[in-house]
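Visitor: Here you go, one structure.
Please treat every number below as a calculation from the coordinates, not as lab data. Worth saying up front: this structure is predicted, and the values here are computed from it rather than measured. Using ideal geometry, Cβ is built from the backbone for each residue, glycine included, and neighbour counts are taken over all protein chains shown.
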Amino acid sequence: MGLTDGILTALTLASGRILYSPETANISLAIRVAVASSLSGLFIFFVAQYTRLRGELVRSEKELNLTPKGQLAATRLGRAILMETLRGAFISSIFTLLGAFLPLASGLLFPTFSWLTIVFAVGSLGFLGGAASRFAHGNPVVWSTGLVLMGILLTIAGIQLQIT
C-alpha cells in the first residue's frame with residue numbers, strides 16, 4: 001500500500017504544478033515530493049502499526065488476567081513488536097518513496113504533455129487497485145474504480161490547493 005500512498009500524495013502535492021507550471025518535468029520536484037511523502041508515510045505507518053500491536057498486547061493481558069498492566073510489553077514480545085514495526089515502517093517508506101517518485105519522474109519522458117503524468121499516476125492506481133483486490137479477495141472492478149476515483153479527487157484537491 002506504500003505505492004498507493006506515494007501516488008496519492010504525489011497527486012495532491014504536485015498536480016497543480018504539473019498542469020500549470022512551465023517547468024513541470026523536473027527531477028527536483030519528483031525527488032522532493034517523494035522524500036516528503038516517504039518521511040510522512042514512515043511516521044504514520046510506525047505510529048499506527050505500533051499502537052495497534054501494543055493494543056493487542058493489552059487485550060491479551062486482559063484475557064490472560066495479568067494484573068500489572070504493561071507486563072507483556074516489557075518482555076521480548078514487546079521488543080519483537082517494536083522491531084517488526086520498525087522493519088515494516090522502513091519497507092513501507094521505501095515503497096511510498098517509489099510510489100511518489102515514479103509517476104512524477106514519468107513526466108520527464110514527455111515534458112510537453114505534462115498531463116500524461118497525472119494519467120500515468122491515476123492509471124497506476126487502477127492497476128494497484130486490481131492487485132490489492134486479489135489480496136483482499138474483493139471485486140477488482142470495485143477496488144480499481146475506488147482507487148482511480150481517489151486519485152481523481154486528490155488531483156482536483158491538489159490543483160485547487162497548488163501546494164508546490
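Visitor: Determine the shape class of the chain: with a ≥ b ≥ c the square roots of the Cα gyration tensor eigenvalues, call it rounded for a/c under 1.5, and otherwise prolate if a/b is greater than b/c, oblate otherwise.
Guide: The shape class here is prolate.
Visitor: Nearest 500 deg cm²/dmol is fine: what mean residue ellipticity at 222 nm does the chain get from its DSSP H runs of n ≥ 4 alone, each adding -39,500 (n - 2.57), divided by its residue count? Could you put the intermediate results ahead of the total?
Guide: On the way: 5 runs with 131 residues, N = 164.
For the chain, the value works out to -28500 deg cm²/dmol.
Visitor: With +1 on each Lys and Arg Cβ and -1 on each Asp and Glu Cβ, how big is the dipole of segment 2-161 about its Cα centre, in debye rounded to the nearest 20?
Guide: Values: 11 positive and 6 negative charges, 89 e Å.
About 420 debye.
Visitor: What residue among Phe135, Gln49, Gln162 has its Cα farthest toward the positive end of the dipole of the chain, where the charges are +1 on Lys, Arg and -1 on Asp, Glu, each on the Cβ?
Guide: Result: Gln49.
Visitor: Taking Cα pairs under 8 Å and at least six residues apart, what relative contact order does the chain come out at, in percent?
Guide: After rounding, I find 42 percent.
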